[in-house]
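Shown next, in structure tokens, is the structure this report addresses.
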Amino acid sequence: MDYADLREAIYNELAVGITDVGNRVFWSHTAPADTEKPFLEIAFLGELPSMTPLGTMMQVEVLCLGEESNIMGLDPIADAVVSVLDGPEIVTPDGRVITLEYWNDSRIDGWSEELRANVIRLKFILPTDAWR
């Protein structure tokens, strides 16, 4: 499994598809504290695919981070993330085809003290047995 290939594909979908953040897409905990808001952070989460009961999925988390005084300004960005990642086939640089599925009850508001930012958390499921 080539995680760099997956990372690049997901990054590219978000950097191109979410015009409000442009190239301000980072992997978890890599955004500098002075990053212009709004921006996105991505992480692979949850149990390892080989550790889950069926070994068939992993989680991808996208954090939408924005101005500390305006969480409502993040809602359109979170909606756009779901539109870009939920369902369409994504072709990785190595030519694999993946499909992410939005986890409907995963949208949670939060706060990052370190970045002084409101946060909307979104989770997606990546079925590992469907990689082609």
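The values are calculated or read from the model by the stated rules, or taken from the named source; none is laboratory data. The structure displayed is predicted, hence computed values, not measured ones. Cβ sites come from the backbone with ideal geometry, for glycine too, and all protein chains shown count toward neighbours.
Some values worked out for this structure:
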{"read-out": "Residue that is surrounded by the fewest Cβ atoms within 10 Å (Cβ to Cβ), among those in region 107-132 that are under 13 Å from the mean Cα position of the chain (by Cα) and assigned to a strand (DSSP E or B)", "value": "121"}
{"read-out": "Selection status of residue 19, modelled with pLDDT under 95, surrounded by 14 or more Cβ atoms within 10 Å (Cβ to Cβ) and over 15 Å from residue 120 (Cβ atoms)", "value": "no"}
{"read-out": "Pair list, Cβ < 9 Å and 6+ apart or interchain, from region 97-108 residues that are within 16 Å of residue 87 (Cα to Cα) to residues that are among the small types (Gly, Ala, Ser) and surrounded by 15 or more Cβ atoms within 10 Å (Cβ to Cβ)", "value": "98/9"}
{"read-out": "Pick from region 63-88, criterion without any contact (Cβ under 8 Å) to a residue 40 or more places away in the chain and touching a Phe, Trp or Tyr at 6+ places or on another chain (Cβ under 9 Å), ranking: surrounded by the fewest Cβ atoms within 10 Å (Cβ to Cβ)", "value": "87"}
{"read-out": "Selection count where residues are part of a loop (DSSP other than H, G, I, E, B), of a type outside the set (Gly, Ala, Ser) and over 14 Å from residue 59 (Cβ atoms), scope region 90-106", "value": "5"}
{"read-out": "Which numbered condition residue 28 fails, given (1) modelled with pLDDT of 90 or more; (2) farther than 16 Å from residue 121 by Cα; (3) surrounded by fewer than 16 Cβ atoms within 10 Å (Cβ to Cβ)", "value": "(2)"}
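For every residue, the table says whether it meets (1) at pLDDT 95 or above; (2) within 24 Å of residue 2 (Cα to Cα).
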{"residue": "41", "(1), (2)": "yes, yes"}
{"residue": "46", "(1), (2)": "no, yes"}
{"residue": "65", "(1), (2)": "yes, no"}
{"residue": "71", "(1), (2)": "no, no"}
{"residue": "79", "(1), (2)": "yes, no"}
{"residue": "83", "(1), (2)": "yes, no"}
{"residue": "95", "(1), (2)": "no, yes"}
{"residue": "116", "(1), (2)": "no, no"}
{"residue": "124", "(1), (2)": "no, yes"}
